[in-house]
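The structure under discussion appears below in the form of structure tokens.
The values are calculated or read from the model by the stated rules, or taken from the named source; none is laboratory data. Computed from a predicted structure; not experimentally measured. Cβ atoms come from the backbone with ideal geometry, glycine included; neighbour counts cover every protein chain shown. Note: areas computed on protein heavy atoms with side chains; ligands, DNA, RNA excluded. Shrake-Rupley method; radii C 1.70, N 1.55, O 1.52, S 1.80 Å.
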Amino acid sequence: MRAVVIAALIATPAFADPDPADWDAVLAEAEGQTVYWYAWGGSTTTNDFIAWTGERLSEEYGVTVEQVKLTDTADAVTRVLAEREAGEDADGAVDLIWINGANFASMKEQELLFGPFAEDLPNWQYVDVDGKTVQTDFTVPTEGYESPWAMAQVVFMHDTADLEEPLGSMEEILTWAEANPGRFTYPQPPDFLGTTFLKQALIELVDDPAVLSEPVDAVDYEAVTAPLWEYLDALTPVLWREGRAYPDTGPRQLQLMNDEEIDLAISFSPGEASTAIANFQLPETVRTFVLDDGTIGNASFLAIPYNSGSKAGAMVLANFILSPEAQARAQDPEVLGYGTVLDLSTLDEEDRQAFEMIQLGMATLPPEELGTVQDEPHPSWATALADDWQERYGVAD
């Protein structure tokens, strides 16, 4: 009898993680769970979308979603790490994180993630694995430890009432800024959008952008970044408030444009301007452009910490966000205006028509005009550039 009991315990461990390949079991385990989704909370439209996913999951799967609004995704990473150091290896505070880049690389390296799970999700069958960067994150292979949920690409927003024609390069942006002092700024690094501006400038100014796929400590950092600091030394005095102050976030940058304090701003969402116009957060004269040699693009992902107590519910949420219903809603500029991670050719006729009927909005470039998508640098560049920028140009919080 003792041998039988031991065998049973081995076959069904008391706290076994849910198997994403057994989806019926995942759905059964998820019912009644609460998923604490740690996500950047700086955008009302994004927060509204997350609230909508919670309503849908409650209706369809009996899963409750609670958004924990972050100002910095690194806070969620720090919390999971602290829980592991405290021996809290089950039912941690964080069930799902909106993540990418250096934070994902850090959690993966420290084995803080549950998985692999993403490529076993039922709706993974619709994901565009050939045409979009959904299996690498800032050059780091995802290997199923995070699920994509939105595509992003850098665009520049310009108010055509004051800046009629698009600018084709970082040098043209500098020339225009010198002729129009005080009319351009970018969010203050280490805000991700401000750091993205630094990366975008470096990609265009460096002799060989391929060097940025290497970790910072593997290259001559001083030599590679010298053109960037020379560029910023010229640009900073002609920025808004002469570079003595910066908007702390992307939404604050939009407010400056709506208040007619600036005419040019950076965005990481091709549909953000149209969404903002629809919500009366930007004037109808705003349009977008990309640089002639292309702009940085990447995917936003969802990851599940190793010590989540609601892994099944988190996977159900990640799978729902990959559904044609959720992806079409996210792409609608009157909701979010985010690019889809799906391959529309894999959808049935009804779902494909739902995407085709979406009006992208007056300020959104059609996909064929977004140009070349440039790869993100290795995650180590974001931290190094933001730290260096703060030493050279940083201002008080």
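Can you pull out the residues in region 16-36 that are assigned to a loop (DSSP other than H, G, I, E, B) and of a type outside the set (D, E, K, R)?
Ala16, Pro18, Pro20, Ala21, Gly32, Gln33
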| remark: Only unsatisfied item for Arg287, checking (1) under 19 Å from the mean Cα position of the chain (by Cα); (2) part of a strand (DSSP E or B), is (1)
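Quickly run through region 227-250 and pick out the residues that are open to solvent by 50 Å² or more (accessible area, probe 1.4 Å) and part of a helix (DSSP H, G or I). Give the steps one after another, and end with the answer.
Pass one, region 227-250, residues open to solvent by 50 Å² or more (accessible area, probe 1.4 Å): 230, 233, 237, 241-242, 244, 248.
Passing the criteria: Glu230, Asp233, Pro237, Arg241, Glu242.
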| remark: Taking region 358-390 and keeping residues within 17 Å of the chain's Cα centre (by Cα), open to solvent by 20 Å² or more (accessible area, probe 1.4 Å) and under 17 Å from Val290 (Cβ atoms) leaves Val373, Gln374, Asp375
| task | Looking for whichever is under 23 Å from Ala102 (Cα atoms), of a type in the set (Val, Ile, Thr) and touching a residue at least 60 places away in the same chain (Cβ under 8 Å) here; the options are Val335, Val316, Val286, Val341. Which one fits? | result | Val341
| query | What pairs come up if the first residue lies in region 366-393 and is more than 16 Å from Tyr221 (Cβ to Cβ), the second is open to solvent by 20 Å² or more (accessible area, probe 1.4 Å) and of a type in the set (Lys, Arg), and their beta carbons are under 9 Å apart, counting only those six or more places apart or on different chains? | reply | Val373/Lys132
| Contacts under 7 angstrom Cβ, first residue in region 150-166 being in a loop (DSSP other than H, G, I, E, B), partner open to solvent by 70 Å² or more (accessible area, probe 1.4 Å), 6 or more apart | Thr160/Arg287
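Tell me, which residue of region 186-214 that is assigned to a loop (DSSP other than H, G, I, E, B) and open to solvent by less than 40 Å² (accessible area, probe 1.4 Å) is modelled with the lowest pLDDT? Talk me through it step by step, then tell me what you get.
Looking only at region 186-214, we keep the residues that are assigned to a loop (DSSP other than H, G, I, E, B), and these are 186-191, 206-208, 214.
From the residues that got through so far, the ones that are open to solvent by less than 40 Å² (accessible area, probe 1.4 Å) too are 186-189, 191, 206.
Numbers: Tyr186: 98, Pro187: 97, Gln188: 96, Pro189: 96, Asp191: 91, Val206: 96.
Only one residue fits best here, namely Asp191.
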